[in-house]
There are 2 protein chains.
Amino acid sequence: MTEAPRLDRQVCFALYSASRAATAVYRPVLEDLGLTYPQYLVMLVLWESEPKGVKELGEELGLDSGTLSPLLKRLEAMGLVERRRSGEDERRVAVHLTPTGRSLSSKASGIPRHLADAAGLSSEELEQLRTTLERLTEALHRAH
Amino acid sequence: MTEAPRLDRQVCFALYSASRAATAVYRPVLEDLGLTYPQYLVMLVLWESEPKGVKELGEELGLDSGTLSPLLKRLEAMGLVERRRSGEDERRVAVHLTPTGRSLSSKASGIPRHLADAAGLSSEELEQLRTTLERLTEALHRAH
DNA sequence: GCGCGGTAAGTTGTGCACAATTGAATTGTG
DNA sequence: CACAATTCAATTGTGCACAACTTACCGCGC
């Protein structure tokens, strides 16, 4: 009979735990902005460049329309974004920032510091962790 | 006006992406066992030692009864575990493995290899990643 | 022009996460 | 003993993730 793998040896569980712990640190800060973590990610993408189609948002974040459609509807209900059917291509929906949504970006600028402060790792270690994770994500997507 | 942080610089997003990519690699493998990833984690804990109370499971996995109660109900419906109210303390529920649940462990033994194979990282890098993530999770929990 | 494969967004259904609340059982304290 | 505070599991409600499906629309080939 083969041994069952041990929980405490699993990279996957370490990722899962760390990811949830990180969003838990962000949660109270984001609550001040009235955003959840995935909503914050969508706003980050739009603050860099807008308008964006649902598909483009999905590609940058790795999410599909099943996740994004209701999320965007909530952001619209909060008055942070507007969705407009594209004139040239009626299939597409362009997601625009409202002035309110745009102005939220300044309030969000200090957020990443919270993680860095709480991390207990040097900024070099954090930087190295980030690039390792990006390589890992890339490889896992190829495998999948 | 302050700059909005960039998505591609965020450790938190790298964690979030990597974690979802890792469970996506596990998903088809776990599907053969009829388990979701969180259900697999619960089974891992029980394969190491059982019976366990809901609270103990929650402490090891970082999940609360709001997540575990319905999850355990599903495992019970699949015939993998049994929940019994403790005699000494009627508040507690002891989660036992059924013979079916116990025998599943041999089928699960090869699963972590899938991640290692797909990771594109050496086993030393994976090991170092795991310990970095564990330190990070620890520190984030203290901050939270 | 017509059909048809392909594409974009939305919908439905399942299963986590997590906050907040509930209800029952136990423990601690006067 | 009485009873308030605590503990444990379950429940309720919201918001992701993700698979599977639907609907509307585009563009290509004929």
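Here residue A:35 meets the list (1) surrounded by 16 or more Cβ atoms within 10 Å (Cβ to Cβ); (2) facing chain B (nearest Cβ under 9 Å) almost entirely, failing just condition (2).
Return yes or no: is residue B:122 loosely packed, with under 12 Cβ neighbours inside 10 Å, away from DNA strand C (no atom under 12 Å from the Cβ) and under 26 Å from residue B:16 (Cα atoms)? Full working, then the answer.
Working: loosely packed, with under 12 Cβ neighbours inside 10 Å: yes; away from DNA strand C (no atom under 12 Å from the Cβ): yes; under 26 Å from residue B:16 (Cα atoms): yes.
Yes, satisfied.
When the stretch B:1-24 is filtered for residues that are more than 21 Å from residue A:25 (Cα to Cα), over 14 Å from the mean Cα position of the chain (by Cα) and either polar (S, T, N, Q) or at pLDDT 95 or above (or both), the ones remaining, listed by number, are B:2, B:21. With respect to the conditions (1) more than 7 Å from chain A (Cβ to nearest Cβ); (2) in contact (Cβ under 8 Å) with a residue 24 or more places away in the chain; (3) surrounded by fewer than 23 Cβ atoms within 10 Å (Cβ to Cβ), residue B:25 falls short on a single one, namely (1). Looking at this structure, is residue A:82 modelled with pLDDT under 95 and more than 13 Å from DNA strand D (Cβ to nearest atom)? Judged against the criteria, residue A:82 is not a match. All conditions but one from (1) out of contact with any Lys or Arg (no Cβ under 7 Å at 6 or more places or on another chain); (2) at the interface with chain B (Cβ under 9 Å from one of its Cβ atoms) apply to residue A:120; the one that does not is (1). Looking across the stretch A:96-111, just one residue is touching a residue at least 60 places away in the same chain (Cβ under 8 Å), within 16 Å of DNA strand D (Cβ to nearest atom) and more than 8 Å from every other protein chain (Cβ to nearest Cβ), and that is A:104.
Of all residues in the stretch B:96-111, which are in contact with a strand residue (DSSP E or B) (Cβ under 8 Å, 6 or more places away or on another chain) and either assigned to a strand (DSSP E or B) or surrounded by fewer than 13 Cβ atoms within 10 Å (Cβ to Cβ) (or both)? Steps first, answer last, please.
Step one: of the stretch B:96-111, the residues in contact with a strand residue (DSSP E or B) (Cβ under 8 Å, 6 or more places away or on another chain) are B:96-98, B:101.
Hits for the stretch B:96-111 are B:96, B:97.
For every residue, the table says whether it meets (1) within 8 Å of another protein chain (Cβ to nearest Cβ); (2) outside any helix (DSSP H, G or I).
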site: B:75; (1), (2): no, no
site: B:84; (1), (2): no, yes
site: B:90; (1), (2): no, yes
site: B:94; (1), (2): no, yes
site: B:113; (1), (2): no, no
site: B:126; (1), (2): yes, no
site: B:129; (1), (2): yes, no
site: B:141; (1), (2): yes, no
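When the stretch A:45-73 is filtered for residues that are away from chain B (no Cβ under 13 Å), more than 8 Å from DNA strand C (Cβ to nearest atom) and closer than 21 Å to residue A:106 by Cα, only A:51 remains. Number of residues in the stretch B:35-74 that are of a type in the set (A, V, I, L, M, F, W, C) and over 19 Å from residue A:10 (Cα atoms): the value is 4.
The values are calculated or read from the model by the stated rules, or taken from the named source; none is laboratory data. Everything numeric in this text was worked out from a predicted model, so none of it was measured. All Cβ positions, even for glycine, are placed from backbone atoms using ideal geometry, and neighbour counts span all protein chains on display.
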